[in-house]
Each structure stands twice: as structure tokens, then as C-alpha cells.
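One structure is given below, encoded as C-alpha cells.
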Amino acid sequence: MIGDRPLPRKRCAVYSEVMPAAARKPALVRPDLPVLVIALAGLVVAGYLAWIKWSGTAALFCTAGSGCDIVQASRYATFIGVPTALWGALVYLALGILALLGLEEGKWRAAFVLASGAVGFSAYLTFLSITQLRATCVYCLVSAGLSALLLVVLFLRRPRAPGGARGLPPAVLGLGAGVAAIVLGAFIFAAGPEGATPYQLALARHLAQSKAVFYGAYWCPHCQEQKHMFGGAAGLLPYVECDSKGTNAQPERCERAGVRVFPTWDVGGSRREGVQLLEALAEASGFPKS
């Protein structure tokens with residue numbers, strides 16, 4: 001006090017507010033190691049799948065005609081012109097970068113959306129492989145499991161937003177991202193295989209009309225390769241399913257024909273085993289040259 005007057009409180013208030021702010025140090029951003037490790041593991045698996053798809057080599061520890069071969073030879077192994085696994089690798093890479101930068105509120109939400117989308121898309125692809133291809137790829141299942149593990153770890157390690165929750169709840173955010181990924185995949189794959197050229201269409205119709213027969217099995221990657229050569233006209237081929245577990249199977253017909261190799265063609269009175277070029281099928285069946 002100065003005489004009967006108290007000291008002004010304004011200066012004391014300013015002092016008390018300035019000192020703590022000046023004493024505070026910026027918080028260090030630390031990488032989220034659990035998320036980073038899982039993301040790197042996923043990047044290795046998805047990157048390996050993308051590489052074997054591009055190189056055309058067989059997956060390690062997977063025998064010919066195994067589930068890995070069937071899945072990798074199917075049209076579901078390619079998404080928007082590139083190996084489907086490459087998109088997964090990019091997602092894992094993005095998650096790893098976010099984890100390395102530290103998962104505070106904004107980056108955590110971005111990571112959670114990416115992981116939710118990856119889980120939804122992986123679940124959809126697994127459903128397709130079981131119902132459409134009747135085969136599974138162990139590498140694909142491992143990648144799907146890693147994406148699910150990432151989602152769980154991210155949910156358990158979600159940051160607490162100051163002042164209460166902001167934005168959409170994590171459950172709603174994740175469900176929306178997962179559903180969006182499934183819808184995108186269904187929209188792309190529902191378009192079916194690539195379109196057929198007039199030559200592919202005409203040759204497929206000619207083979208069917210000339211009583212040629214294409215023997216194969218649903219699990220045979222070389223049969224899938226043969227069908228892919230005809231693009232969107234593959235459904236017009238005179239195809240006979242030889243495995244009793246396949247759709248519209250005719251195993252007795254294949255046994256009577258003495259089929260030993262898939263694919264096998266009976267065309268123009270001769271038998272041809274293995275994948276055939278379109279030009280060879282055209283010549284053998286007497287398809288008129290344009």
C-alpha cells in the first residue's frame with residue numbers, strides 16, 4: 001500500500017499471466033511407435049504383393065494353382081490400372097508418415113480414416129475372393145489383418161481433444177470411411193473386366209459357333225489368363241468347368257474328353273494344351289482374316 005491506497009492490481013495481473021506463458025516450453029512431437037511398426041509391416045507385405053503382380057513371378061511359399069496364384073491372376077488383383085496391392089502399400093506408407101510425425105488430433109483423424117477405409121476395402125476383397133474365386137491368398141489375409149490391427153491400435157491410442165470432443169465421433173468417422181471404400185470397390189469392380197475389341201468379340205463368337213471347347217478350372221491361373229486375353233468377350237467362350245466345385249461344373253465331360261492340363265482347347269479337330277494366343281486359335285478354327 002501507498003498511504004491508504006492499495007497497489008494497482010493491473011500490473012500484478014499482467015505479471016502473473018506473462019510469466020507462466022514464458023516459462024512454458026513447446027511440447028515435443030514424438031512418433032507413434034506402435035502404429036509406425038505395424039504400418040511398416042503392412043508396407044512390406046503389400047509392396048511384395050505389388051511387386052510379384054508386376055513381375056509375374058510366383059509368391060514365396062505358394063505353389064502353382066494355390067490360392068495366391070488364383071487371387072493374383074484374377075481381375076481383382078488390379079484396381080484402376082495398377083496392382084491392387086500397390087494402393088494398399090500407399091495407404092500403409094501414408095500411415096507410417098503420419099505416425100512418424102506424431103498423431104495429435106488432426107493427424108490421428110486422418111490416420112483413422114485411412115485405416116478404416118483400408119479395413120473396409122480389405123474385407124470387401126476377402127469377400128470377393130471367397131465367393132467369386134473360392135480361394136484365399138495368405139499374404140492378402142495378413143495384410144487385411146494388419147490393417148485391422150492398425151485400426152484397433154489407433155482407436156485405443158486416440159488423443160483427448162482439449163475442451164471436449166470435436167468433430168465426428170471416431171465410430172461414425174471409421175464406419176463412414178469403411179463404407180465409402182466398399183462402395184468405391186463395388187463401383188469399380190461392378191463394371192466387369194475391360195471392354196472387348198471387335199476382333200475379340202468376333203473370335204469368341206466364332207469359336208462357340210465352330211463347336212470349339214475350352215476346358216478349364218476356376219482355380220487355374222492360366223485359365224484366368226486365357227480369359228483375360230478375350231477381355232469383356234470372355235463370357236462368350238465355349239468354356240467347360242472341370243472342377244466339381246466350380247460354377248456349372250461338368251467334370252464327367254472333362255473325364256470323357258481325357259483332359260489332363262488346364263487350359264485345354266479342342267478346336268478345329270485338334271487338341272491344344274496351355275494358354276493359346278488369339279492368332280493361334282483363329283488359325284486353328286478357320287476364323288477368317290480381316
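The Val138 and Lys289 beta-carbon pair, evaluated with R₀ = 41 Å, returns a calculated FRET efficiency of approximately 0.35. Quote the FRET efficiency, to the nearest 0.05, computed for Arg205 versus Arg271 with a Förster distance R0 of 25 Å and r equal to the Cβ-Cβ distance. Computed FRET efficiency for Arg205 and Arg271 comes out at 0.70.
Any chance you could check the Cα centroid distance between the range 238-290 and the range 80-96 for me, in angstrom? Using only Cα atoms to place each centre, the spacing works out to 37 Å.
Between Leu173 and Ala257, what length comes free when the chain is fully extended (0.36 nm per residue of separation minus the Cα-Cα distance, one decimal in nm)?
Using 0.36 nm per residue and subtracting the Cα-Cα distance, I get 24.6 nm.
From the square roots a ≥ b ≥ c of the eigenvalues of the alpha-carbon gyration tensor of the range 205-290, which class results: rounded (a/c under 1.5), prolate (a/b over b/c), or oblate? It comes out prolate by the Cα gyration axes.
Each value in this text was obtained by applying a stated rule to the coordinates, not by laboratory testing. Values in this document were obtained by computation on a predicted structure and should not be read as measured data. FYI the Cβ positions are ideal-geometry reconstructions off the backbone, even for glycines, and counts take in every protein chain you see.
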